[in-house]
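Some notes on the structure that comes next.
Just so it is clear, none of the values below were taken in a lab; they were calculated from the coordinates. These numbers come from a predicted model, not from an experiment. As a convention, Cβ positions derive from the backbone with ideal geometry for all residues, glycine included, and neighbour counts pool all protein chains shown.
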Amino acid sequence: MSETTHDGAVAVSGPPSADDGLSPAELARKYELSVSGARVGLGEYIRQMWGRRHFIVAFSSAKLTAQYSQAKLGQVWQVATPLLNAAVYFFIFGMLLKSSRGMANDMYIPFLVTGVFVFTFTQASAMAGVRAISGNLGLVRALHFPRASLPISFALQQLQQLLFSMIVLVIVLLGFGHFPSFAWLLIVPTLALQFVFNTGLSLIMARLGAKTPDLAQLLPFILRTWMYASGVMFPLARTLEHAGASKWISDAMLGNPAAVYMDLMRYALIDDYTGANLPPHVWALAVGWAVLFGAGGFVYFWKAEEQYGRG
């Protein structure tokens, strides 16, 4: 096939290609091409996550070690920060506002410290999750790995930090006359369920934060409101009863996941913190929140796997 150019020369072109007129999708099917970073099936994704388990553990430990590497007190701040928060809350809510609702200090102080430590676990997991993708774009764009590894490793980092804090919590409990009992064994299932819940929450926040980075600026205000609504600094059931709150409001606030996990931990650790302080079906609520957020958050994050790091 030939044609004459403007200067009289004859240009010869090749025969038409067999690919002419094919759409990109048809070309991809013809040559068996696949999308770079395409989302795999959920089962395969879980298998890939299991294959990266050593990376997840190592990454969370490295982040925990590096967190206070520039501070002179180093890892001491892992327990000093929530302990100082508890001291501030005790001064304001315990001494000035008298929010203990008749609890003696030997019960109120362990009650307060337990609440602060447990809620900080959830709060820090959410804050770390919202920046898990947006704060690690270099890693996300450079390497191919299941992106859920990042928010899960950050939730694991916060669990490790809480375990350090539990040492201080035990000292506080012993100092106020609350000695180990069989009820302390409930710490293990309570922390396990809260960790699953926190991991799901971290995954949800990671997807939302990847799409809307400004959420990281708004989230502290949401978490602070959640903290005040969960009874960290005061016995929630007594306060709601004193305020004359309607039953559905009381049930909703007592059944929120932060309040549930705090109540279970307090019930396990503090003497005389009886079942009367716990909402009905508290273990069912704890398991339900863990399953709902753990499984739901994982699937919600996985569905946007192809979008992370793009743009």
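Descriptive notes on the structure:
- Length gained on full extension, Phe179 to Arg141, computed as 0.36 nm times the residue gap minus the Cα-Cα distance: 8.6 nm.
- Modelled FRET efficiency - R0 22 Å, Ala192 with Asp214, Cβ distances, 0.05 increments: 0.10
- Listed peptides 298-306, 116-124, 171-179 by packing density, highest first (mean Cβ within 10 Å): 116-124, 298-306, 171-179
- Per-residue HN-Hα couplings for the range 122-128 [Karplus 6.51, -1.76, 1.60; θ = phi - 60°; Hz; x = Gly/Pro]: 5, 4, 5, 5, 5, 5, 5
- Projected label distance in nm at Tyr228 and Trp50, using a 7 Å step from Cα toward the beta-carbon: 4.6 nm
- Computed label-point distance, nm, for sites Asp271 and Arg39 using a 7 Å Cα→Cβ extension: 5.4 nm
- Three-way shape label, the range 70-164, alpha-carbon gyration tensor, a/c 1.5: prolate
- Judged by the gyration tensor of its Cα atoms, with axes a ≥ b ≥ c, the range 184-274 is oblate; a/c meets the 1.5 cut and b/c is at least as large as a/b.
- Ala66 paired with Asp106, simple spin-label distance in nm, labels 7 Å along Cα-to-beta-carbon: 4.7 nm
- Rounded to two decimals, the Cα radius of gyration of the range 179-220 over 2.2 N^0.38 Å is 1.75.
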